[in-house]
Each structure stands twice: as C-alpha cells, then as structure tokens.
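Q: Encoded as structure tokens, here's the structure I'll be asking about.
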Amino acid sequence: MSPQAILITAFAGAGLVFLAGKVHSHLRDFLAVLSSLALVGLIAWSHGQYGPDNEIVYVPDFLGMELALRLNPLAWFFAIYIAIINAASVVFSLSYMKGKEKLGFYYSMMLLVNAGMLGIVLSGDFLSFYIFWEIMSWSTYLLISYRRGPALHAGMKYIIMSLVGSCAMLVGILSLYAQFGTLQIAELGEAIAGSSSGYVLFILMAMGIAFGVKFAILPLHTWMPDAHSEAVSPFSAVLSGVLVRMGMYGFLLVMYSIVGLKTILNLGAGFFNFHYILSWLGAITIVIPTFIALLQNDAKKLLAWHGIGQGGYMILGMAFGTSLGVAGGIFHTINHGSYIALLFLVVGAVEYRTGGVRDLNRLGGLIQRMPVAFFGCLVGIMGLIGMPLTNGFVSKWFIYKTLITEGHPFLAFMAFVGTWGTILSVYKLLHNMFLGQLPEKYKEVRKAPISMQIPILFFCFVIFLFGVLPGIPLRAIQGIQDTMGFAPLQLTMWGLASGAGALNMLNICFAIVIAFAVVLLLMRLGAKPRRVPQEDSYAAGSSVPAGKYHHSVEFYNPLYQMISPYLKDRVDQFYYWAADKAQGVFELTRRIYTGYAGTYVLYIISFLALLIFLQLAWEIW
Amino acid sequence: MVSPILLIAVPLGLAFAIPVLGLASKRVPRYVPVIAMLFNLVVSVSLLPHALKAPIVVRTAGWAPPYSIHLVAGPLGVLLSSLIALIGLLVAVYGIDYIREGAKVKYQILYILMLVGATGVVLTGDIFNLFVFFEVLCISSYALVAYRGDSTGVEAGAKYLIQGAIGSGLVLIGIGLVYGTFGTLTMADIAANVSSVGSFRLFVSLAFLITGFGVEAAIFPLNGWLPDAHSSAPSSISAILSGIAIKAGLYAIARVVYTVYGASSILPFLAVLGIVTLLIGEMCAFGQEDIKRLLAFSSIGQMGLILFALALASATGISGAVFLIVSHGLAKALLFLASGYMIYRTGSRDISSLNGIGKRMPIMSLCFTVGAFSLIGLPPFVGFASKFTIVRAVLGTGSTFFITLLAIGLIGTVIEGAYFLRIVQGFYFKPAPEDSPEQTEGKVPFSALVPVGLLAVLILTIGLFPGIVGRVLGPAADDLLDRTAYVQHVMGD
Amino acid sequence: MSFLSSYIHYIGCFSLILIGLYVVLVKPNLIKVIIGINLMGTGVNLFLVTVGYIHAGTAPIFSEAAQQPEGMVDPVPQALVLTAIVIGVAVLALALSLAIRVYDHYGTLDLRKIKALRW
C-alpha cells in the first residue's frame, strides 16, 4: 500500500466524519471508528513494502520544491504505533463522549491529528514534514481547547510554545535548504556529511527546540501538565501516548537519519559533547518531573508529569548512539505509549462513571465497582514502573544497561531514582482510585461500558505481549537501526541472545511462574480466607460505621511538606513572569498612538528629518 | 488584446454614470461596482499572459515617452490590478446588502473611484500620474471612512485627512525636486538618468517620496491614522483599505526605490523599519479589545513584514513580498468582511461580545478562522506559503544582519498567533455573553456569504497549490528589480 | 545679494510650506489645521511653478513675438500645478465638511479633545 493511500484515507476520514456529523450521529461514530481501524489495517498491510522506490512526489512544484512521501522501517514503525493508539482512543470515545456537544468537530479533529502525525512520519522531505507538523499542532490546539474553561488557558499555552518551536524549526529547515538546495531527507543525509560541526550544532539546536517543545524536555515542558489534564481523556491518551513522541521521531530522524551517527558522537569536546549534554537534560527530565508527579492530586496531572519524566528515559537511551541504547529508546517510546494511553483511558473511565471526578482526594475503593478499570490500572502502573513481564521492563533494562556499559553510573543512578519516584507516585494513583474504602456516594458506580473495556484490555494485552515476547517489536526496531547504520543486536523472540544487554524473558517468566506457584501454594496451605464486604472495617477492634471512614486524603503529606519547596516549577513561573512583563511592554507601546493628530504629524515630520539626518551623518545612499 | 487603459477608463465611466442610472431605478447603482470590477477582473486576468511576455506600454495621444503620460502594465502591475479587481469584486458583492443607510449612491461612486485610484497607481509609468491616482485613492478613502457620519467615523476621517494631506504634500515636493533635477516625469526616463546626478540632492527627493508614500503605506511611525481609519470605516471599506489601499502605497515606495532610483543601499534601513513596524503592529494589536482595531493593527504588522521582504533586494525576497501582498489581501479582506456581519449580529465590536459566535454564525466563524490561520502562517493556508517564501529568501541571502532581523520578526509572528488564536478560541469554546442582544437584523444574506466563502476557498486552494500564483511571482519580482529592462521597454531602444 | 535674488522664490515657497507645517503641528484647532494644510499646499504649488521658472522668461505660448522655445518658462509644472490645485480644492472641501460633522458630534473643534480613538 502506498503512503499516498494511507494519507488520503486519513485526511478524507477526517473530512467525511465532519460532514457526517451534520447528517446523523451514528453514521459519524461509525465512520470515525471505521476510518481509524481502516488506517491500522492499511498500515499493517503495507508492512515490508519499503525501499527507495516508494518515494512518491505528491505535489510536484510547491514553491519550487517537491513534496514527497516515503515508507521505510522507521516510518512504518511509528505509523502503526500512531494508528493503533488513535484507533483505541476513538473506540474509547464512543461512550466517553456520548451526549457531549460538537462531536462532529471532536471526531474529525481526532482523525485530523492522526492524519497530521501519519503525514509527519511518512514525509520524505522536510517541507512536507513541517506542513504536517503544523497541521498537527493547530488541530491539537483546537482539541485541547475543546473542554472549555481552564482548557482554554492550557490550549493557549500549548500553541504559543508550539509556535515558538515551529519558528525555530522553520529557520532550521530553510537554512538546510539555503545550504544544500534540497529538503529531501534522503539527499540531506549525504549533503550534510561534509559540513562543519558548528553548523550541524546550529541545525540540531533549531530543530531541537521544536522537537523539545513537543517532547516536553525540561525546560520546554510547561505546556504539558496543563494540556494533558485539561484535554478530554481519550485525547490525553493520544497526546501523551503518541503526539508528544513525535518529538522522539524528529530527534531520531535528524540525529541518526540525517546528521548520522559518526557526526553526532564527535560533536563537541569533553563535557560539552552534544550527546553528553542531551543525556543530562534527559536525566534531569526524569528526576524532577517524576517527583513533581508525586505531589499531584489530580490523576491526569500526575500522569502528565510522568509523561514528561518517561520522556527522559527515551532521551537517555537515544543520546548515546549505541545499538542497545537506541533500541531501548525507541522501544521505550512505544511501551510508554501503550501504558500511558492505558492509564489515561482508565482515569477517563473512572471520570466517566463518577461524574467527572479525577481528584485523588475524593476517590477510592472502586476496585469492586470497576474491576476491569482496576486491572488496567494495575497493569499500566506495572508497565510504568518497569516490572518484569511488562514491556516497560525490557526497554528500561536496555537503557540501564546502556548507561552502565557506557560508564555513566551517575546517570544510571538518576534513572533509578526516577523509578523509585515513579513507584511511589503510581501507587498513590492506584490506591487513591481503587483501594481503600469506597466513599458513600460511589456506591452506585457501575462498570465501565464495553467500548471502554475493549481498548483497556487491548492495551493490557499489548503490555504483556511485548513484555514476554519483546522480539516482536525489537525485530521491527532492528529494521530501523539497519537503515541508520547501527550494529545489529543478537535478537531472539524472548529478548537478546548475547552481548551487553543479554536478556531472556523465558527464564524470567519461568522464575515468576514458580514464585507465583509457591506463593499460591503457601496461601492454600494456610487458613481458609474469609470474604468480607468492603464496608466491613475495623479500627482498634471495633467496627467503624460507614460515615466515619477515613478516606485517603493528602497521600504522602509528610513527604510533600519535605520536598515541595524544592520542586516548584520555576521555569513555568519564569514564563509567566516574562509573559506578564511582555504584556506590560505591549500596553506601553500602544501609547504611541496618542489620538492627537498633532502627534502623528510630528511623527511624519520627524521621520523625514531622521531620513535626511541619517544621510548627512552616514551617507546611507 | 484589450488595452490596459480600459482598466481605468471603464470603471471611471461607470462611476460617473451611476447618478444618471440612479434616476432610472433606485436599485441599479448598487450593482454597478460589481459590473465594473467584474470587467476589470476579466480584463486583468486576460492581460496577464501578455504582460508576462513583455510589459505592455500604453501611450496616450500618440506621443512616445518621455513626452506622454503612459501606462506600463508589467507583470507586477497586472498581478496587482487582478488582485485589486478580485477583492474589489468580492467586496462589491458584499456591499450590495451590507450598505444599508446613508448616501448609498455616493458610496458606490466613491467605492469605484477608490479602486480606480489603486489600479492607476499600480499601472502608471509616470510619477506625477502616480501622484494623481494616489490622490484619487486617498480622497475617496477619506470620504468613505467618514461615510456613515457617526462620531468615530468623522473623527477618524478628519485625522486620516490631515495626515494624508501632509503626506501628499511631501510627495508633491519630492516630485517637484525630481522634475527640477531631471526635467522629466517619466519614471523610466528618470531611472535612465539617475546615476548622473549628485547623491545628496537626489536623496532629499527620495526621502520626501518615501515619507509621503509611507504615510499611505502605514510604515511606522507614519501610520497614526491607520488604526482609527480602518476600525471606524464600514467593514467593506476596511476590507479594501487593509487589503488593497495600503499595498498601493507600498507599491509606490517599492517602485520608486527599486526602479526609479535603484537605491539599494537604503534597503537595510527599510528592512529595519519593516521589522520595527511589524513588532509595533503586533504588540499594539495584542491588547486590543475592539475586533476591527485589532485587525487594523495586525495589518500594520503584516505591512512591516512585506516591507522587510521587499528590502531583501533578491528575486525570492520580492516574490515573497508580492506573495504576502496577495495572501494578506485575501485574508484581511476575509477577516474584515466576516467581522462586519458579526458586529451587526452582536451589536458590538468588543471581542468578548463575539464569544460563542461559532454557534450562531457557523459559516462566518469558520471562514474567519481560516483567514486568521492564514494570517498567522499555518499550513495548509496561503499565508504559510508566502511567509515560507520570505523566510527562505532571508536564509538564502545568508547575511547575518537579515537573519537577525528575521529572528526578531518571528517573535512578531508568535504574538500574532497568540491574539488570533485567542479570538478563535472565543468563537468556539467560550460561552456567549449573557446579556447579548439577539439582533434580528444580523441574518447573513447570501450576498455576504458568497464573497466570504469564496475568499476562504481561495485561501485554502492557493495554500495547497501555490503554483497558481507562484508562476507570476518571479516575473513580478524581475519587473521591480530589473531596471534596465524596464527602461528599455518603456523608452524603446 | 545675488544669492537672495536668485533663490528668493525658493525661500518664499519653502517659508510658506514651513509656516503651514508649523500651524498643523502647533494649533489644536481643526479649522486652523486645515488652513495650515492649505498654506502648505499653496507653498508646494508655488514650489512647482518655481521649478519651471526661467528668469525673465515669457509665457510658453508660440506667438508672433516668440517663435522659439528658448526663453519660455517650462509649461509642464504649470500643468501639474493646475492638477494639484484641483486636488487641493477637493481636499479642502472634504476637510471642511468633515470639520462641520466633527463639530456636530463633539461640540468642539479642539483636536486635543477629539480623542475618542486612541491606543
């Protein structure tokens, strides 16, 4: 299947859904699901049909350049990942969004974001890349704003940062064009080989700002907590699962497909080596946001901060340019997509059933009411922490191994610290939503509807599948690495056969099964457990009436008191301060236009005088 | 091939026929501008292929230049006259129902005169003739700004007139100096002799011309009139003023600086001026609460960007500037036209009162959004293609000076994005104000939907296939840059 | 002396222009501003005529007395001035009618008080 067909389906789907929304709501829902699933099918079908021959020029003469599409392993891998998460979110939306207004707009924008992202990964040149990037940016902005109220503020914050990034990227791209006369990705790789390291660094910086904003690397992250928590949950899943990771795609493309491995590793000297600085940025991006996540009481904000933090792992993996590390980075990207999307969907399901509550202080004890959601949450946090049997374990393993073999114990330590913070904070998420006592008002909460359960269970399946059989995605990742010139890894279906990151999930599985069996056996041997109702609680030996339950409020309060002074988001504060000052300056500037005609005439005369004075003083002509 | 002179003669004749036609039927005059502009559009577009081959020089009364007043319809001139006719036509259609009160007949006459003035400015080859057409444009726009006779309208009109009159006085002094030096008014003839004259004397005349035309071109700090005039005029007139009239001023500057004087060393100064204008415009627009005033300030910003691109002195730079003239003309006309009926509907020009209008006027708001996105420069709309061309031109020059200016200018784009997107958010995602009066007269007639919708479609189509306009841009840029060819074409061998 | 006599026309018309500009800049009264504009316009027109002036020249009309173009003043600026005067009259008329409307609305002609539109 050609990339052209994929893109046409994607954009046509978005348009048709919008029109269908005007006709009938069922037709609209049907078309939305159909087109998102069709995309998954199309992309899956086009697996393996790569090659330079697949470069397709779809607009021949756009301002004197060619707009081209291409399909290669990197593009395919990201495309399928985008399409699956988006399809799951669309299915989830069916019940989550039911009865809300402007659904035609909502679904078509979901599909448009999807189409934009597919366009990005399928672009064969940087101009198309930029165009699709921008389409993705503004449609995202519209979708974030969809929920109104505070979402408007979040949307503005997002789009302004995004515009700054786009401007930087535009300068970078066009400087490439000015230098080499082409924007075709395939040709740029060869063209750039001979340029000076200063120039390469400039390109990386310019692009890095754009990708960094999307990727939410510190200090460009401040839009993300707001946007993720204010967007509707299915879109948060897309936002955090894939959209943010377009930055990762961009980094991979620029760093390894274009600039090339050798140049990257030799950029700079000593401590000021490019990949060294990038990896430190990654490490900081892990630690600080993860602990900020610990302090959050809004379930989605908590997840959003984790989204930033997990990005740090990907950067860490990718920055060193070893086969193992880059494989870990790419693998972590899709793993993160699967479990963060899962967790956002779970929070969305809870939100849906409890009437929009996502404040962790007001939830609790939903385990029996929403068992599937609980299971999803459990699997999701296991993946997020990186427990064995989940896919997060494998990718984190690769990344840790890379850090240690490359001789960066301190970075590895920071990554571990990040994981501890993750464990603490996701336990808070799980506990405050599902464990503990059930508040009186949630007695009547029902299970999540089936269209929510399907995506949740699907992601659980993926997490375990890739956790036990990491060979499946790793083989695709190897295809990408081949095109970038990395040494091949010794892959097996169960992990890595040999080398630095040797791993056999079969053995681990086996060990875990035995451990489970032992525990199960011990439990069977012990006294017979007695089932009690959830409300049957005792304190100090006496039964506690339901109205007196102590629900878990202000989890980690002592810790909070201790660390919160250090974890203020000063970057965000700085941006607000700067925006405030800028507005003050704007207000002052407006006073130029005094409203008195005499002043304006004075301006005209002074301008004339200035021109003549300049000529007298400097002979400008 | 029809003579380009018809582009001026026919609408002019129709304009003065309006009072007579008005005697026959009261409804006829409102359709006359539509006919006139339709004629102009057809003629301009049919002239375009000829003009691309070689500029068409029209001699009046059989005298060869430099003794005659003549028209030079080069690629740039014909492109701009097509743009004027296109926007003029759409706004004329819009005006059929939009203009409801006051002296309707006089409005239609002045409307045609204004467009004839603009067409004349871009087509003429004689510097005094340029001034005359310029005055036709200016005087009719003074009157049209104050046309409704309300307090803000007359105030804006009076202030506009004061500044405009000073500006044209300066232009006239400049022309006098030029004539005193060269003894000719033909631009090509001046261009041929310009190198033979000492620099300071020449520079003074150039300074007068730049300042004078700069008043109409809304270059900072000569633009004190613009926010008042553009915001107080009826929306159809604001659309023309922002979409066309200020571009005519800028065209005059470009023509004088490039073709007539060949003053390339003054260009860095103009580039700085452009960026300053851009920043000031965007900064002032940011805090506005009046939608039309905001659009007016945004026009100032865009004019700054066009001036900056013009000052690049490279073919790509100038084609970027011309492209931005086209894209800004379309987008700004669309924004003013759409906001016109929104203001009728809500009865207020406050941006906050437009909140939630997306529900009440879905098509108008959608088109407004398209226009706003295009102005910010988001793909796939035409604004992106034009801004892209400009950025490419800047990086193509490879000069640190221009790249630094561009980096500063991009801040302006971000500010622009901020305020436009805030408005769009308000349209769709903010609740309508509680006390908004439900104005029944706000029902959007067909005659308004068609031009607004057509503009939105044009913005999207050219954005997707910029080649439609793109192939004219190169010759248009050469038209401005290549002095010797211009002189040869006009003067003969 | 010779300087003054040969440049007196220029000095005269630029004085007029400067007086006009001064009035526009300094006087807040709308009517006075319009008078200033008109003074400036007159100065500019004079300047244009002066450009084409030849000392002791004759009118540019071929007649029995003057068969050759030598010694005639340049006719082109005079044609320009005619146009400029017409334009000036139009602007003046429009300006005065606007001034009447402004007075109707604001009850004053003081431009310092007519500042509904600013910032």
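The values are calculated or read from the model by the stated rules, or taken from the named source; none is laboratory data. Given the structure is predicted, the values throughout are model-derived calculations rather than measurements. Backbone-built Cβ (ideal geometry, glycine too); neighbour counts: all protein chains shown.
Q: Does A:D569 count as outside the structural domain of A:E440 (by TED's automatic domain parsing) and touching a residue at least 60 places away in the same chain (Cβ under 8 Å)?
A: Details: outside the structural domain of A:E440 (by TED's automatic domain parsing): yes; touching a residue at least 60 places away in the same chain (Cβ under 8 Å): yes.
Spelling it out, A:D569 is indeed outside the structural domain of A:E440 (by TED's automatic domain parsing) and touching a residue at least 60 places away in the same chain (Cβ under 8 Å).
Q: Does the range A:459-471 hold any residues that are under 22 Å from the mean Cα position of the chain (by Cα) and either of a type in the set (G, A, S) or over 15 Å from A:H336 (Cα atoms) (or both), and which are they? Spell out how you get there, then give the answer.
A: Of all residues in the range A:459-471, those under 22 Å from the mean Cα position of the chain (by Cα) come to A:459-467, A:470.
Residue satisfying the conditions is A:G467 alone.
Q: Now, a different point. For the range A:458-480, check the following and say yes or no: at least one residue is in a helix (DSSP H, G or I), in the same structural domain as A:K300 (by TED's automatic domain parsing) and in contact with a Lys or Arg (Cβ under 8 Å, 6 or more places away or on another chain).
A: At the first step, the residues of the range A:458-480 found to be in a helix (DSSP H, G or I) are A:458-468, A:471-480.
Now drop any that are not in the same structural domain as A:K300 (by TED's automatic domain parsing), which leaves A:458-468, A:471-480.
Still in the list and also in contact with a Lys or Arg (Cβ under 8 Å, 6 or more places away or on another chain): none.
The answer is no, given that none of the residues of the range A:458-480 is in a helix (DSSP H, G or I), in the same structural domain as A:K300 (by TED's automatic domain parsing) and in contact with a Lys or Arg (Cβ under 8 Å, 6 or more places away or on another chain).
Q: Please go through the range B:119-143 and give me each residue that is among the aliphatic types (A, V, I, L, M) and within 11 Å of another protein chain (Cβ to nearest Cβ), ordered by number.
A: Within the range B:119-143, B:I127, B:V132, B:V136, B:I139, B:A143 meet the criteria.
Q: Filter the range A:338-370 for residues that are surrounded by fewer than 24 Cβ atoms within 10 Å (Cβ to Cβ) and more than 15 Å from A:A448 (Cβ to Cβ) and give the result.
A: Of everything in the range A:338-370, those that are surrounded by fewer than 24 Cβ atoms within 10 Å (Cβ to Cβ) and more than 15 Å from A:A448 (Cβ to Cβ) turn out to be A:D359, A:L360, A:N361, A:R362, A:G364, A:G365.
Q: Considering the range C:78-113 alone, what residues qualify as being touching a strand residue (DSSP E or B) at 6+ places or on another chain (Cβ under 7 Å) and part of a helix (DSSP H, G or I)?
A: none
Q: So how many residues does the range A:401-421 have that are at pLDDT below 85 and among the aliphatic types (A, V, I, L, M)?
A: Looking only at that region, the number is 0.
Q: Suppose we filter A:A349, A:A283 for residues that are assigned by TED's automatic domain parsing to the domain that holds A:G380, in contact with a Phe, Trp or Tyr (Cβ under 9 Å, 6 or more places away or on another chain), farther than 30 Å from A:L170 by Cα and touching a residue at least 60 places away in the same chain (Cβ under 8 Å); which single one remains? Show your work before the answer.
A: Numbers: A:A283 fails: farther than 30 Å from A:L170 by Cα.
Only one candidate qualifies: A:A349.
Q: Using the structure shown, decide if A:S128 is at negative phi, within 11 Å of another protein chain (Cβ to nearest Cβ) and within 18 Å of the chain's Cα centre (by Cα). Quick ask: steps written out before the conclusion?
A: On the way: at negative phi: yes; within 11 Å of another protein chain (Cβ to nearest Cβ): yes; within 18 Å of the chain's Cα centre (by Cα): no.
No: the conditions fail for A:S128.
Q: Within the range C:70-87, which residues are over 11 Å from C:T58 (Cα atoms) and surrounded by fewer than 19 Cβ atoms within 10 Å (Cβ to Cβ)? Spell out the reasoning first.
A: Of all residues in the range C:70-87, those over 11 Å from C:T58 (Cα atoms) come to C:76-87.
Listed by number, the residues that qualify are C:V76, C:Q78, C:A79, C:L82, C:T83, C:I85, C:V86.
Q: Another question, then. Take the residues of the range C:5-26 that are within 14 Å of chain A (Cβ to nearest Cβ) and aromatic (F, W, Y): which is surrounded by the fewest Cβ atoms within 10 Å (Cβ to Cβ)? Spell out how you get there, then give the answer.
A: Filtering the range C:5-26 for residues within 14 Å of chain A (Cβ to nearest Cβ) gives C:14, C:17-26.
From what is left, the residues that are aromatic (F, W, Y) are C:14, C:22.
Details: C:F14: 17, C:Y22: 13.
Looking at the filtered set, the residue picked out is C:Y22.
Q: While we're looking at this one, here's another question. Is it the case that the range A:500-523 has a residue that's surrounded by 12 or more Cβ atoms within 10 Å (Cβ to Cβ), of a type in the set (G, A, S) and assigned to a helix (DSSP H, G or I)?
A: no
Q: Same structure again: Output the qualifying pairs, or none if there are none: Cβ atoms under 6 angstrom, residues six or more apart or on different chains, first residue in the range A:154-182 and within 7 Å of chain B (Cβ to nearest Cβ), second residue assigned to a helix (DSSP H, G or I) and not aliphatic (A, V, I, L, M).
A: That search, which allows pairs on different chains as well, returns A:G155/A:Y141; A:G155/A:S145; A:I159/A:Y141; A:L163/B:G417; A:L174/B:R392; A:A178/B:G396.
Q: Which one of these is surrounded by fewer than 24 Cβ atoms within 10 Å (Cβ to Cβ), within 14 Å of chain A (Cβ to nearest Cβ) and within 19 Å of B:G262 (Cβ to Cβ): B:L209, B:L202?
A: On the way: B:L209 fails: surrounded by fewer than 24 Cβ atoms within 10 Å (Cβ to Cβ).
Exactly one of B:L209, B:L202 is surrounded by fewer than 24 Cβ atoms within 10 Å (Cβ to Cβ), within 14 Å of chain A (Cβ to nearest Cβ) and within 19 Å of B:G262 (Cβ to Cβ), namely B:L202.
Q: Could you say which residue among A:I563, A:I592 is within 14 Å of chain C (Cβ to nearest Cβ) and surrounded by 10 or more Cβ atoms within 10 Å (Cβ to Cβ)? Give the derivation first.
A: Values: A:I563 fails: within 14 Å of chain C (Cβ to nearest Cβ).
Just one listed residue meets the conditions, A:I592.
Q: Could you say whether any residue in the range C:48-64 is facing chain B (nearest Cβ under 9 Å), part of a loop (DSSP other than H, G, I, E, B), more than 24 Å from C:L94 (Cα to Cα) and out of contact with any Ser or Thr (no Cβ under 8 Å at 6 or more places or on another chain)?
A: Within the range C:48-64 (the criterion being facing chain B (nearest Cβ under 9 Å), part of a loop (DSSP other than H, G, I, E, B), more than 24 Å from C:L94 (Cα to Cα) and out of contact with any Ser or Thr (no Cβ under 8 Å at 6 or more places or on another chain)), the answer is yes, since at least one residue qualifies.
Q: Follow-up question, since we're still on this one. Taking the range A:58-72, which residues are buried (at least 20 other Cβ atoms within 10 Å of the Cβ) and not in a strand (DSSP E or B)?
A: Selection gives A:L63, A:R70, A:L71, A:N72.
Q: Something else: Within the range B:8-24, identify whether any single residue is outside any helix (DSSP H, G or I) and either modelled with pLDDT under 90 or surrounded by fewer than 18 Cβ atoms within 10 Å (Cβ to Cβ) (or both), and answer yes or no. Lay out the reasoning, then the answer.
A: The initial filter retains those residues of the range B:8-24 that are outside any helix (DSSP H, G or I), namely none.
No, the conditions are met nowhere in the range B:8-24.
Q: What helices (runs of 4 or more DSSP H) lie completely within the range B:347-413 and have 3 or more residues being under 20 Å from B:V272 (Cα atoms) and away from every other protein chain (no Cβ under 12 Å)? Give the derivation first.
A: Numbers: elements: B:357-360, B:362-376, B:382-397.
Ranges flagged: none.
Q: In addition: Checking A:F375 against (1) closer than 18 Å to A:L424 by Cα; (2) in a helix (DSSP H, G or I): exactly one of these is not met. Which one?
A: (1)
Q: If you don't mind, there's one more thing I want to ask. Residues C:F62, C:F47: which one is aromatic (F, W, Y) and under 17 Å from the mean Cα position of the chain (by Cα)?
A: C:F47
Q: Same structure again: Which condition breaks for A:P558 when tested against (1) exposed (fewer than 10 other Cβ atoms within 10 Å of the Cβ); (2) more than 35 Å from the chain's Cα centre (by Cα); (3) in a helix (DSSP H, G or I)?
A: So A:P558 meets the others, but not (2).
Q: Mind listing whichever residues of the range A:183-214 are surrounded by fewer than 24 Cβ atoms within 10 Å (Cβ to Cβ), of a type in the set (A, V, I, L, M, F, W, C), within 14 Å of another protein chain (Cβ to nearest Cβ) and in a helix (DSSP H, G or I)?
A: Within the range A:183-214, A:F202, A:I203, A:M205, A:A206, A:I209 meet the criteria.
Q: For the range B:212-239, name all the residues that are farther than 29 Å from A:I620 by Cα and more than 7 Å from chain A (Cβ to nearest Cβ).
A: Of everything in the range B:212-239, those that are farther than 29 Å from A:I620 by Cα and more than 7 Å from chain A (Cβ to nearest Cβ) turn out to be B:D228, B:A229, B:H230, B:S231, B:S232, B:A233, B:P234, B:S235, B:S236, B:I237, B:S238, B:A239.
Q: Could you tell me which numbered condition B:F297 fails, if it satisfies all but one of (1) among the aromatic types (F, W, Y); (2) more than 19 Å from the chain's Cα centre (by Cα); (3) more than 25 Å from B:T181 (Cβ to Cβ)?
A: Looking at each condition in turn, B:F297 falls short on (2).
Residue-wise test of (1) over 24 Å from the mean Cα position of the chain (by Cα); (2) closer than 30 Å to A:L343 by Cα; (3) modelled with pLDDT of 90 or more.
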| residue | (1), (2), (3) |
| --- | --- |
| A:A476 | no, yes, no |
| A:D482 | yes, no, no |
| A:G499 | yes, no, no |
| A:V518 | yes, no, yes |
| A:L522 | yes, no, yes |
| A:A527 | yes, no, no |
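Q: Here is a further query. Does the range C:70-119 hold any residues that are of a type in the set (D, E, K, R), more than 14 Å from chain A (Cβ to nearest Cβ) and more than 30 Å from B:G176 (Cα to Cα), and which are they? Show your work before the answer.
A: Of the residues in the range C:70-119, the ones of a type in the set (D, E, K, R) are C:70, C:74, C:101, C:104, C:110, C:112-113, C:115, C:118.
Now narrow it down to the ones that are more than 14 Å from chain A (Cβ to nearest Cβ): C:70, C:74, C:101, C:104.
Residues satisfying the conditions are C:R101, C:D104.
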